[in-house]
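Every number in this text was worked out from the coordinates using simple rules, so none of it is lab data. Please read these numbers as outputs of a predicted model, since none were measured by experiment. Reconstructed Cβ throughout: ideal geometry from the backbone, glycine too, with neighbour counts over all protein chains shown.
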Amino acid sequence: MNAPVIQVTHAAVGYDGRPVLRDVSLTVTAGEVVAVLGANGSGKSTLIRAVLGLVPLSAGSVTLFGAPQRRFRQWHRIGYVPQRLGAGSGVPATVGEVVASGRLARRGVLRPAGRADREAVAAALRAVGLADRAGDPVATLSGGQQQRTLIARALAGEPELLVLDEPTAGVDAESQQAFAAALRGFLAGGGTVLLVAHELGPLRPLISRAVVVHEGGICHDGAVPEPAGHHAEPDHEHVHPHCDEEPAGLWSI
Amino acid sequence: MDLFQYDFMLRALVGALVIGLAAPALGIYLVQRRLALIGDGIGHVALTGVGAGLLLNRSPVLVAVLAATLGAIGIELVRSRGRTSGDLALALLFYGGIAGGVMLVGLSDASSAALNSYLFGSLTTTSPADLTTILVLGAAILVLMLALRPALFAVCHDEEYARVSGLPVRALNLLLAVTTAVTVTIAMRAVGVLLISALMVVPVATAQQVTRGFRSTMTAAMALGLFAAGAGIWVAATADTAPGASVVLLAIASFLVVALAAAGWRALRRRTSPAAAPAPEPHEVVLR
């Protein structure tokens, strides 16, 4: 039995008194690739944000690598990939500069970048297929390439656990393939992955377990469910502008 | 004629150069965070400190540092809470700051010329003690902003990612707030509270017209700040204009020149090489 990397116990989260997650328990052990699935607004992004401590729990607890999250300090063991680049980008920054900030968790605030840091940044850029764009401003990249930049930033820290928030949402096919390849490389090195997804696409064969979040609770934990109804059609576009329009029984369980 | 043979002119020049170098080094983080006008707000609060200092017969600059620091920490707390009332709270702080300053200066027996010197700067009255303060604090700001660049860049670029990286985000944010307050107060001598933001923001805005990365933008902005300060003081000395206003006008003139030149260069390239239009993405894999 592998050691638990993430342990969520009876967790609840609410925004302004409105409950988003209630009584959620989830364990991810080393070497697993767990996909959190669910409709828009089901609370799946909130679940991983709660795991990382970006939203406070109103009840329950989270442990990371065996330590209570509030006292967890070994953040270099975790690589986080947000949904998109933060809004605070009024000043140009190169791809290399953004990826280099992934080394800070390992290096600390005061130590200047050394050779190991530069090599890790170069390796992460190669892993996502952006080695030749290191000197380009991030703003000139396509959406998929920007997403790959964020994945490279997480990989640069050489983490043991990757946490990804919708890494393939609205990303072109080429970037999805590059991302799947990077993930395979990370898993070959013994990594653990927790990712939120609306559709799995080329990632599907990599997933070892799926968790489906529905109306703030976990309604399925096990094998990856098959898409049902018109969602199974190959030309179905996974675009859901409003969560209310989500048909019941999206995932046939 | 050579005005720089006079000590007071030399002190004005050295003070302006230090501020011209330090203000954009800090300002780039504020611009990246889209807080370009924060320097203005903190300047307003510093004015209340000046008024209180004049009224209490204490050093106006020291009391201003205190008031500006408290104001900056207050603004940072409002910002980090992220409430929608944030900009209203800032507005109250800004206008309260300047009204309080004008009122307190009026209550003291200082002349309106004293108020003017803080509103618009009075570099030529920089005393040797003032210059030491500017040199020491300016050097401290520069060292902090350069040494902590990777961490400050990470926090200003993507604050949530910085938190998950385990960076001391709150401490770094407070450091930026306090550094802004200190920069504002030493720049008050040079360009005055009403023109401080210009030195923090305009060189950065100029640099990013032509740069590609954060580090190159920072270097170019510091060079531009240094140029505007040096040339501004030279213009002020030779044409007998107000030093602070000359420095700021030169910074804005460089922005216009660079922005026009960059736009012209882009238009020229588009016309001469039609292939420069949307370039295809490079191939991921080249089969041989």
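If you consider only alpha-carbon coordinates, what radius of gyration and Dmax does chain A have, in Å?
18.1, 55
Top mean-square fluctuation among A:Gly189, A:Gly96, A:Gly31, Gaussian network model of chain A, C-alpha springs under 10 Å?
The residue that fluctuates most here is A:Gly189.
Which ordering of A:Val138, B:Val184, A:Val13, B:Val178 is given by a fewest-first count of other beta-carbon atoms within 10 Å?
Sorted ascending by nearby Cβ count, the order is B:Val178, A:Val13, A:Val138, B:Val184.
Between region B:27-79 and region B:204-219, how far is it from one alpha carbon centroid to the other, in angstrom?
Taking the Cα centre of region B:204-219 as reference, the centre of region B:27-79 is 26 Å away.
Take region B:3-273, drop everything but the C-alpha atoms, weight them equally and run the Debye formula without solvent; then report log10 I(q)/I(0) at 0.11 Å⁻¹ to two decimals.
Results for region B:3-273 at q = 0.11 Å⁻¹ read -0.61.
Going through the DSSP H helices of chain B, which span 30 Å or more along their own axis at the Cα atoms while scoring at least -0.5 as a mean Kyte-Doolittle hydropathy? Mind dumping the intermediate values first?
On the way: long enough: B:7-32 (38 Å, 1.63); B:60-81 (31 Å, 1.45); B:86-107 (31 Å, 1.75); B:169-191 (32 Å, 1.58); B:214-239 (36 Å, 1.25); B:243-272 (43 Å, 1.13).
Passing helices, by number: B:7-32, B:60-81, B:86-107, B:169-191, B:214-239, B:243-272.
So in chain A, what percent of DSSP beta bridges are antiparallel if you round to the nearest 5?
Counting DSSP beta bridges with both partners in chain A, the antiparallel share is about 55 percent.
Along the Cα→Cβ direction, 7 angstrom out, place labels at A:Ala116 and B:Thr241. What is the inter-label distance in nm?
In this crude spin-label approximation the distance works out to 5.4 nm.
Given the options B:Val18, B:Val143, B:Val45, state which has the largest fluctuation in a GNM of chain B using a 10 Å cut-off (strictly under) for Cα springs.
So, out of B:Val18, B:Val143, B:Val45, the one fluctuating most is B:Val143.
Rank B:Ala139, B:Ala231, B:Ala267 by mean-square fluctuation in a GNM of chain B with C-alpha springs under 10 angstrom and give only the top-ranked residue.
B:Ala267
Sort B:8-16, B:89-97 for me by packing, meaning the mean count of neighbouring Cβ atoms within 10 Å per residue, highest on top.
The peptides rank, most packed first, as B:8-16, B:89-97.
In whole angstrom, note down how far apart the Cα centers of region A:58-101 and region A:138-217 are.
Their Cα centres are 15 Å away from one another.
What list do you get for A:Leu187, B:Leu224 if you sort them by fewest beta carbons within 10 Å?
A:Leu187, B:Leu224
Within the protein assembly as shown, what percent of beta bridges assigned by DSSP are antiparallel, to the nearest 5?
Here the antiparallel bridges make up roughly 55 percent for the protein assembly as shown.
Put a dot 7 Å past each Cα toward the Cβ at B:Arg266 and B:Leu10; how far apart are the dots in nm?
Result: 4.6 nm between the two label points.
Amide H of A:Tyr80: which non-local residues (sequence gap of 5 or more, or other chain) have their own amide H closer than 5 Å, using H built in the peptide plane?
Residues meeting the criterion, in which the H sits 1.01 Å from N, are A:Val163.
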